[in-house]
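Scroll down for the structure; my scribbles are underneath it.
The values are calculated or read from the model by the stated rules, or taken from the named source; none is laboratory data. Keep in mind that what you see is a predicted model, and the values were worked out from it rather than measured. Positions of Cβ are backbone-derived with ideal geometry, glycine not excepted, and every protein chain shown enters the neighbour counts. With ligands, DNA and RNA removed, areas are computed over all heavy atoms of the protein, side chains included. Shrake-Rupley method; radii C 1.70, N 1.55, O 1.52, S 1.80 Å.
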Amino acid sequence: MSGAAGYGMIAGAAGGFMQAIAARLAQMKMDQVYQQELDRQAKLRNQAYSIWGPATEYRGVENYNRQLAEGAANREMNYQQIESRPLSFQNTYKQGANAVDQAAYNMMGQRRAALGAYNDAQLMQQINAIRTQNELNKISNFSQGWARVFPLNMYDAQHSQDALQAIGGIVGSLGGAGANFAQLNAMPQTQQASWSPVQPMWDYSQPDRYSQYDPYNTTYGGQLG
Amino acid sequence: MATFTTNLLGGTPKYGKAATLNEKQRQQMINAGLAQINAIYGGGTAPQYTLATGGFSPTTTRYYNLTGKGFQPFRTGTYSPGSSFNPNFANAFTAGLMPGLGGAIANIGRGEGGAAAMSIFSGGVSDIVDSIFGKKELTPQERAQRLYNQGKLFTMENKTYEGFQPSFYKARENAYTNFALPQLSKQYLDASKQVNYNLANRGLLDSTAGNLQRSDLERTMGQAKQSIADTALAQSQELQREIEASRQAAIAQLYQTGDPSQAVQSAITASSQFQRPSSFPALANAFSNIANQYYTSQLINSYHPGYGYSAPSPYNLTGALPDVGGY
């Protein structure tokens with residue numbers, strides 16, 4: 001084995017090794033990017049879950065009952081306020097509610113407030129649902145945004161070792177060139193390279209060869225050379 | 001040299017890095033927009049970032065640019081409000097004395113016209129050279145100028161919003177109550193007069209029947225008042241629903257456009273529309289039943305007198321009362 005062949009083999013092996021290392025590093029980088037994306041999505045998922053939990057608890061009957069009570073109390077207060085507001089007219093004969101009428105007013109107001117409180121609670125629930133949805137939409141939007149970036153990050157990771165890959169390719173090709181050179185040197189020389197000048201058509205130092213081609217052996221008296 | 005080797009041999013794609021930065025900026029912009037929308041609707045203070053326009057003036061204006069960590073003050077190194085030093089003085093001086101040359105120098109200084117004029121030939125070459133050897137470092141002010149020209153610099157203003165507080169919705173309730181209650185009062189007064197006149201006409205003003213009819217009137221009045229309170233609350237709640245829907249629409253627009261200033265403007269416009277006074281139909285007569293009741297009874301009584309009614313003598317032709325019935 002000649003020296004060139006040895007160097008070629010070493011260079012080829014080194015180039016291949018560098019390319020293998022590059023591929024392995026790129027794979028590790030891709031794994032890392034994938035793990036980062038998983039972590040990022042998991043963080044967003046956890047945020048969404050922690051928003052969803054309390055919002056769902058808000059929909060429970062315990063909270064609903066509290067909202068009903070608040071709504072009813074608010075409506076009763078409204079009824080009392082509007083009842084106590086002075087009216088813009090002068091008193092006529094025996095105007096104004098007596099005690100019985102006032103009691104009827106209060107009782108009717110309580111029942112009316114209890115009924116209307118369902119609307120109030122429903123409104124609170126509706127607003128809570130809208131705001132929860134808004135917060136979840138934000139997280140979903142961010143998640144989609146990261147998902148759009150992920151393929152590009154993977155592409156970068158996949159090509160992160162392109163330089164090492166290229167250098168490995170160059171080194172490997174040098175090894176191939178060395179091997180070719182060594183192979184060329186190691187070939188046995190089976191024939192000598194020769195060079196012959198062009199034969200002149202006429203050599204005046206020789207007898208007339210034209211007669212050689214005189215098939216009739218005519219009068220020139222030529223002899224066969 | 002490092003740039004050289006990096007660009008030729010170590011050059012790896014930066015698409016992911018660029019996209020990651022872009023995504024972070026988009027999310028930070030959404031966060032800024034949401035903060036402002038929440039302040040507008042819920043009350044509070046939030047910074048409002050507006051694209052810088054009206055000329056680049058780093059000495060008098062603090063600029064902000066959007067980074068992966070949100071809007072950050074851009075350090076031009078020359079921002080000093082109140083300072084007598086003006087780096088634009090040289091440009092102003094040359095432009096004033098030698099308008100043509102001064103303008104050209106100013107353009108070159110800004111990297112606009114000069115670069116554009118020379119880039120026809122040298123641009124391609126310089127790009128290739130830059131790509132191999134790297135670009136020359138820009139001063140902070142040059143970078144700020146470039147970002148300004150690219151429309152990437154913002155000005156900031158902290159704004160305080162009142163928001164839609166419970167007092168706002170309570171005021172909406174009161175607005176309807178103030179509108180409807182005087183009408184109800186007038187209706188009550190008319191109905192009360194009709195009842196009392198009718199009772200007096202029949203001699204029942206101070207009777208049990210009269211008290212019952214006046215009690216009916218009062219209870220009808222109570223129901224009407226509670227209806228007004230309920231209507232006022234319902235209208236207030238409807239307004240609350242609409243405002244919440246408007247808030248959601250502004251947020252959706254923020255997501256769609258990625259431009260909080262546009263979405264916030266929509267939010268402000270929408271909120272101002274809700275505060276406009278509305279027109280309401282006049283209050284329906286709450287005492288129509290009672291009025292009809294007494295009007296009808298008056299007509300009926302005129303033909304069919306009730307118990308205790310003393311019919312006039314058919315021979316009494318003086319005719320103070322109608323000469324019907326009693327037969």
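Structure values in brief
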quantity	calculated
Restricting the range B:143-180 to GluC sites (Glu not before Pro) in coil, as DSSP defines it, with at most 15 other Cβ within 10 Å	B:GLU162
Per-residue HN-Hα couplings for the range B:244-250 [Karplus 6.51, -1.76, 1.60; θ = phi - 60°; Hz; x = Gly/Pro]	5, 5, 5, 4, 5, 5, 5
Cα centroid of the range B:39-74 to Cα centroid of the range B:186-229, whole Å	65 Å
Nonlocal amide H pairs with B:THR67, under 5 Å, H built at 1.01 Å	B:GLN72
Cβ neighbours within 10 Å from other chains - mean over A:117-124	2
Residue-by-residue Karplus 3J(HN,Hα) for the range A:159-172, coefficients 6.51, -1.76, 1.60, Hz, glycine and proline x	9, 5, 10, 4, 5, 5, 4, 5, 5, x, x, 5, 4, x
Sites A:ARG111 and B:LYS69 - FRET efficiency at Förster radius 56 Å, r taken between beta-carbons, to 0.05	0.45
Accessible surface of B:ASP216 - all protein chains present, 1.4 Å probe, nearest 10 Å²	80 Å²
Qualifying lysines (Cα of each under 22 Å from Cα of A:LYS138; at least 8 residues distant if same chain)	A:LYS43, B:LYS24, B:LYS69
Exercise: per-residue mean of other protein chain Cβ atoms within 10 Å, B:16-28	5
Efficiency of FRET between A:PHE181 and B:ARG26 - r from beta-carbon atoms, R0 41 angstrom, step 0.05	0.10
Within 10 Å of each Cβ in B:206-219, the average number of Cβ atoms from other chains	3
Candidate lysines - alpha carbon under 30 Å from B:LYS225, same-chain residues fewer than 8 apart omitted	A:LYS94, B:LYS170, B:LYS186, B:LYS193
Cα-projected label distance for B:LEU212 with A:ARG40, points at 7 Å along beta-carbon direction, nm	8.1 nm
